[in-house]
Amino acid sequence: MIKDAALITISCVLFVNMGLSEAIQKTLYVRSKILSCPKCCTFWTCLTTLLLCRFDPLESVAASFICSYVALWMTLVYDALTVLYNNIYELFTETGADKDSPEAKTETGDSDAVS
């Protein structure tokens, strides 16, 4: 049960945060708050799956709430990693063309213009 719930949690968080949920909703022209929220998606998917697998209902509800709370923290970690990735990506994608632009020259004082 724990393995199933953990896999569902990871899948739901990535499903929402990587944009698959939004892409599916745009394609099908539907809007769902449950599919747009990692906590909600995790809770309902986990609860449904655990109940369909005939686990104890009380344990299924408890596991679903715990997984939903874990999804909140996983989303936070995922967002922090995204910000870190974007910052590193910006550092590596600075090109020589950006440094030779007129805006860059005037900001650094290396302008060819005579005042």
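The values are calculated or read from the model by the stated rules, or taken from the named source; none is laboratory data. Everything quoted here is computed from the prediction, not taken from an experiment. So basically every Cβ, Gly included, is an ideal-geometry build from the backbone, and we count neighbours across all protein chains shown.
Some observations on this one:
- Flag if Leu72 is more than 15 Å from the chain's Cα centre (by Cα) and modelled with pLDDT of 95 or more: no
- Listed by first and then second residue, the pairs with beta-carbon distance under 6 Å, at least 6 apart or on different chains, first residue in region 73-84 and within 14 Å of Thr9 (Cβ to Cβ), second surrounded by 10 or more Cβ atoms within 10 Å (Cβ to Cβ), are Met74/Val13; Thr75/Val13; Thr75/Pro38; Tyr78/Asn17.
- Filtered by the rule that a residue be polar (S, T, N, Q) and touching a Lys or Arg at 6+ places or on another chain (Cβ under 7 Å), region 63-84 gives a lone residue, Ser68.
- Residue list for region 1-13, filter: under 18 Å from Val77 (Cα atoms) and without any contact (Cβ under 8 Å) to a residue 40 or more places away in the chain: Leu7, Ser11
- The residue that is nearest to the chain's Cα centre (by Cα), among those in region 4-43 that are of a type in the set (Val, Ile, Thr) and more than 24 Å from Phe55 (Cα to Cα), is Val16.
- Thr27 of a type in the set (S, T, N, Q) and farther than 23 Å from Val77 by Cβ: yes
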